[in-house]
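S.K.: I am attaching a structure below and will ask some questions about it afterwards.
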Amino acid sequence: MIKRILIVAMMMTLVGLTLLAGNSFSGSWSSEITFEKGDINPFKSLDSVLDLNYSFGSFLGASTSEFMLFGFIWQEFGVTGALGAFNIRGDVLFGPSTADFIYAQGIASLSIAGIDFGFYFAQVSDAVLQGPADGFAIRVAGSSGALDITSITEFGARIKDDDFDGITIYHAATGLYKRYITNPIVLGQGFTGEKLAVSGWHFGCVADIATTLYVTCGGFEWVKFEVEGIDPGLSWLRFDVELTFKLQTKSVVLTPTLVLGERFCIDTYLEVLTGAPENTLYGAFTSITGIGLYALGFSYTWDGVTIKELTVLDTGHYAITTPEYGSVIEEITEALEDGHEFYPDYWELFSIKVIGDGCCGGSYTFLANTYFDKNTTNLFGWGMTHIEGKFPISSKLFLTVEIEVDDDTPGLDHFGFGFEVGW
């Protein structure tokens, strides 16, 4: 408890100094009202976000307040800047509606003679599902010749990287979430893990070989070998291989890539097809039977206009995520694990996005997404159209609008409007 109080007090002191003696002040306030059909009361939500930024010397302080119909949901404070040779970052999150301290994070990094040092500390309270927990991690990274070496020593915390996701904190009543780099996993700060990664090896037709070893206080967890840029002798095809060994299992991920040239704007989503394991003199052997095409994507941008088209061929395993999650093709199991929302019934997306200069000094944004349903009998299989826009009234004041229309029932399915003002 004393440690938590000291951390929060430190963060609040830094933010307070920034507020009182800031050299510059800026911010924005946005608010949106949404309505949806199908309910007796069509009013769905009232969202409002207030962002404030203050500079103080080499530091930048930030405050984010998020309100919904449920009340005051999040209050977040952050500080970034340089203290001598150190780069400093601090984040604190509160839940004002329940008067809870939720999360705190502190990061300090330093580079000396080509070696990067980082110290990461974080703490979550018992208001979070995985809490209470706290811990820290030390990261050291550098190069030796062509090799890149990274060591992460964990004392109750993990750092977001290619293998770990950091921490995501959800507000159960609204679905809102916050993401941070440092994830505290246990209560207390004894040694919990060591991750050592070495990359940069080159051999023959292989562009890059990397090895990552992960051990915990309980012993060996896994070792992973990654081979990128395997050339099978075909100018249009490359392979990446990932081989992971655990105590009881072994997994192999083979990723084929079509080489279509830098100016080609079509993305191919491929998977390796394998047959049933066959027993041989040297053990079980899984044969590769072919390469499957599960999705196609097209995108092109010119003069502020972006056209994108996504087609999912294997709708049982892949789906298109919602605009909030990037409108990308993602494996369904992975989307569920990461909490990403997606459209299970739409197999194709056609999107137009336009960004341009407004009449009053600001810039406008217009996005129209049209989805096609795999189950509908309508002409061309149209399923739903999502439209959103942001239009300047002046250089600091913008109006926002969001509309959704689907093929289930006539009329608007979703309608929202709001404003955003900055200073």
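The values are calculated or read from the model by the stated rules, or taken from the named source; none is laboratory data. Please read all numbers here as calculations on a predicted model, not as lab measurements. We place every Cβ from the backbone using ideal geometry, glycine too, and count neighbours over all the protein chains shown.
S.K.: Do any strands (runs of 3 or more DSSP E) entirely within the stretch 169-255 hold 1 or more residues that are in contact with an Asp or Glu (Cβ under 8 Å, 6 or more places away or on another chain), surrounded by 14 or more Cβ atoms within 10 Å (Cβ to Cβ) and free of Cβ contacts under 8 Å to residues at least 60 places away in the same chain, and if so, which?
M.R.: In the stretch 169-255, 193-203, 206-216, 219-230, 237-246 are the strands (runs of 3 or more DSSP E) which contain 1 or more residues that are in contact with an Asp or Glu (Cβ under 8 Å, 6 or more places away or on another chain), surrounded by 14 or more Cβ atoms within 10 Å (Cβ to Cβ) and free of Cβ contacts under 8 Å to residues at least 60 places away in the same chain.
S.K.: Any idea which of S58, S125 is of a type in the set (S, T, Y), exposed (fewer than 15 other Cβ atoms within 10 Å of the Cβ) and either at pLDDT 90 or above or touching a strand residue (DSSP E or B) at 6+ places or on another chain (Cβ under 8 Å) (or both)?
M.R.: Criteria check complete, one pass: S58.
S.K.: While we're looking at this one, here's another question. Can you find a residue in the stretch 108-118 that is under 30 Å from S30 (Cβ atoms) and at pLDDT below 95?
M.R.: No: the stretch 108-118 contains no residue that is under 30 Å from S30 (Cβ atoms) and at pLDDT below 95.
S.K.: Within the stretch 128-157, can you find the residues that are in contact with a Leu (Cβ under 9 Å, 6 or more places away or on another chain), surrounded by 19 or more Cβ atoms within 10 Å (Cβ to Cβ) and touching a residue at least 40 places away in the same chain (Cβ under 8 Å)?
M.R.: Of everything in the stretch 128-157, those that are in contact with a Leu (Cβ under 9 Å, 6 or more places away or on another chain), surrounded by 19 or more Cβ atoms within 10 Å (Cβ to Cβ) and touching a residue at least 40 places away in the same chain (Cβ under 8 Å) turn out to be A133, D134, G135, I152.
S.K.: Could you name every one of the strands (runs of 3 or more DSSP E) located completely within the stretch 307-423 that has at least 1 residues being of a type in the set (K, R) and crowded, with 16+ Cβ neighbours inside 10 Å?
M.R.: 346-357, 382-392
S.K.: Let me spell it out: the conditions are (1) within 16 Å of R139 (Cβ to Cβ); (2) small (G, A, S); (3) surrounded by fewer than 17 Cβ atoms within 10 Å (Cβ to Cβ), and G106 meets all of them except one. Which number is the exception?
M.R.: Checking G106 against (1) within 16 Å of R139 (Cβ to Cβ); (2) small (G, A, S); (3) surrounded by fewer than 17 Cβ atoms within 10 Å (Cβ to Cβ), the one that fails is (3).
S.K.: Of all residues in the stretch 77-103, which are buried (at least 18 other Cβ atoms within 10 Å of the Cβ) and among the charged types (D, E, K, R)?
M.R.: D91
S.K.: Quick one: which strands (runs of 3 or more DSSP E) sit completely within the stretch 75-156 and have at least 1 residues that are of a type in the set (D, E, K, R), touching a Phe, Trp or Tyr at 6+ places or on another chain (Cβ under 8 Å) and closer than 23 Å to C217 by Cα?
M.R.: It comes to 133-144, 147-155.
S.K.: Restricting attention to the stretch 251-274, does a residue exist that is over 23 Å from S327 (Cα atoms) and at pLDDT 85 or above?
M.R.: No: the stretch 251-274 contains no residue that is over 23 Å from S327 (Cα atoms) and at pLDDT 85 or above.
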